[in-house]
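What follows is a short report on a single structure.
Every read-out reported here was derived from the displayed coordinates using simple, explicitly stated rules and does not represent laboratory data. All figures in this text were calculated on a predicted structure; none of them were measured in a lab. As a convention, Cβ positions derive from the backbone with ideal geometry for all residues, glycine included, and neighbour counts pool all protein chains shown.
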Amino acid sequence: MVGRGVTRTRTPGLNLTAYISLNMQLDIIFLDVDGVLIPDDQERRDIFAPECVMQLRRILDACLKAHVVFSTTKRLGFSFFKMGWIWRHLDLPLDRAIARTPDSRTRQRGEEIGLWLSEAPRLMLPRSVRRYAVLDDEPEPILESIPAQNVFFCNPDQGLTKAVADRVIRHFTV
């Protein structure tokens, strides 16, 4: 996995746990990996593109209530522990990766996201979902179940770009 050479900025003195406990509503990013953090035109399919990771980090730095739920099919081949290890290796904030969508094997990704959202109030007590965004490179099956204003399409050959990251940041901060 690659994440080296990308610097991380944090707000000095900010205690994220205290911030979240005072603000019990979370923003959720449903994150696909292939085509979002690993562009399709990249030769190696097992390496995260540093520029895409940097854009995800920008979103997390700008949106302090945002937490990640893995909706990628890679969640099926890796334990949540391994996903966390990859996350940490990329120097992304480990406390912001909180879950993965259920594996229904018979449903589209949008339906799995909807299922997670319907279970979230029970699973996240006393927190709730304030807003959510879906980052994916295949929006069609998602748009069947998720409102379009919550879906942020990444060109699979480019992955997560600054333009898409800016739209996600606006979605959570406006």
Spin-label point model (7 Å from Cα, Cβ direction): what's the Leu94 to Glu51 distance in nm? 3.1 nm
For Val151, residues with placed amide H under 5 Å, excluding near neighbours: Val134
Can you give the Rg to Rh ratio of region 93-140, both from alpha-carbon atoms, with Rh computed by the Kirkwood formula? 0.97
So how much slack lies between Asp157 and Arg122, counting 0.36 nm per residue of separation and subtracting their Cα-Cα distance, in nm? 8.9 nm
5 Å is the cut-off here: which amide hydrogens, built 1.01 Å from N in the peptide plane, fall below it relative to Ala66, excluding neighbours closer than 5 in sequence? Asp27
Step through the residues of region 133-144 one at a time and calculate ³J(HN,Hα) from phi using the Karplus curve (6.51 cos²θ - 1.76 cosθ + 1.60, θ = phi - 60°), rounding each to whole Hz and writing x for Gly and Pro. 9, 10, 9, 8, 9, 10, x, 4, x, 7, 5, 5
Cα extents of region 31-168 along the three principal axes, largest first (Å): 40, 30, 30
